[in-house]
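Worksheet for the structure shown next.
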Amino acid sequence: MNPDTSQTPPSPASLRVTDFLDHDSTEVGAFVAAALSPGSDTPIRRAVDLYYGVRDGIRYEVYGVDLSREGLRASSVVSSGSGMCLHKSVLYAACLRRVGVPSRLVLTDVRNHLSSPRLRSLVGGDVFHQHCLTALHLQGRWLTVTPVFNRVLCALYKMRSLEFDGTADSVHHPYHGGEGGGMEFLRTHGTFEDLPYAMVLQDLREAHPGLLPGTGDAVAPGSLADEADAPGPRP
């Protein structure tokens, strides 16, 4: 299935500053300025530049990530330089709004293939709840994209990077070199103008108690890159 992106036309809420999409912050402004290429003067070009800025400029990591309210703000993601799908999609949505492109967050449950035996043990399998993507409005329609798995990590896990050209969805991540299929979307929770923090954290705690033990907001330390020699199951 494809993640369901709302067809509701963009509204002022799709551009506003929010608690998590704090695109008026100095940190997000500096990140956007650095990511945009010279002559990036169209919404599509800006959206593409920012996609690659987030995909490869923010390292994808699950271990040790801060899932507190502060840790999930776009400005904090810039400062930390790393994060999981929630962090990176929040940042991309904020960057898009900074340059006038309407954006939303899409929350899904997926069958995850970029994982290691240890991560699957913490998650409790290969199904991961609250996988976050970004919806953006370009040329009169919504697209859904995944600015999540950076190029270096994909290479370590023998996967092709997920590309975006500004004209089509970019969500079905190929397995190792494209053999097999894409990420399997199992459920769509909806599209949101801001991160529904309480809902996300409650579901993560219930679905993956090993990932967030106790009442803390941080995942256990570790490194996906270091565990790349033991990749997840293949189809």
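Out of segment 1-21, which residues are at pLDDT 95 or above, assigned to a loop (DSSP other than H, G, I, E, B) and not charged (D, E, K, R)?
L15, V17, T18, F20, L21
Taking the condition among the small types (G, A, S), in contact (Cβ under 8 Å) with a residue 40 or more places away in the chain and within 24 Å of H189 (Cβ to Cβ), does G71 pass?
Considered against the rule, which asks whether it is among the small types (G, A, S), in contact (Cβ under 8 Å) with a residue 40 or more places away in the chain and within 24 Å of H189 (Cβ to Cβ), G71 comes out as yes.
Can you tell me which residues in segment 139-155 are crowded, with 17+ Cβ neighbours inside 10 Å and out of contact with any helix residue (DSSP H, G or I) (no Cβ under 6 Å at 6 or more places or on another chain)?
Scanning segment 139-155 gives W142, L143, T144, V145, T146, F149, L153, C154.
For residues that are polar (S, T, N, Q) and without any contact (Cβ under 8 Å) to a residue 40 or more places away in the chain, scanning just segment 77-129, find the one that is farthest from L204 (Cα to Cα).
Per the criteria, the residue is S80.
Based on what the data block shows, is L138 of a type outside the set (G, A, S), more than 15 Å from the chain's Cα centre (by Cα) and at pLDDT 95 or above?
Criteria met by L138.
How many residues are exposed (fewer than 11 other Cβ atoms within 10 Å of the Cβ) and in contact (Cβ under 8 Å) with a residue 24 or more places away in the chain when one looks only at segment 12-55?
Residues flagged as exposed (fewer than 11 other Cβ atoms within 10 Å of the Cβ) and in contact (Cβ under 8 Å) with a residue 24 or more places away in the chain within segment 12-55 amount to 1.
Given the criteria buried (at least 21 other Cβ atoms within 10 Å of the Cβ) and not in a helix (DSSP H, G or I), does L107 qualify?
So L107 fits the description; yes.
Go through the residues of segment 92-103 one by one and say whether even a single one is at pLDDT 95 or above, over 13 Å from the mean Cα position of the chain (by Cα) and more than 28 Å from Q7 (Cβ to Cβ).
There is no residue in segment 92-103 that is at pLDDT 95 or above, over 13 Å from the mean Cα position of the chain (by Cα) and more than 28 Å from Q7 (Cβ to Cβ).
Among the listed residues A168, A220, A198, A228, which satisfies the condition of being in a loop (DSSP other than H, G, I, E, B) and either under 19 Å from the mean Cα position of the chain (by Cα) or modelled with pLDDT of 85 or more (or both)?
A168
If T144 meets every condition in (1) in contact with a Pro (Cβ under 7 Å, 6 or more places away or on another chain); (2) hydroxyl-bearing (S, T, Y); (3) more than 19 Å from L186 (Cβ to Cβ) apart from one, which number is that one?
The number of the failed condition is (3).
Would you confirm whether any residue within segment 115-131 is under 16 Å from F192 (Cα atoms) and either touching a Phe, Trp or Tyr at 6+ places or on another chain (Cβ under 8 Å) or crowded, with 24+ Cβ neighbours inside 10 Å (or both)?
yes
The values are calculated or read from the model by the stated rules, or taken from the named source; none is laboratory data. Predicted model only: the values in this text are computed from it and were never measured. Here the Cβ is made from the backbone with ideal geometry for all residues, glycine too, and neighbour counts use every protein chain on show.
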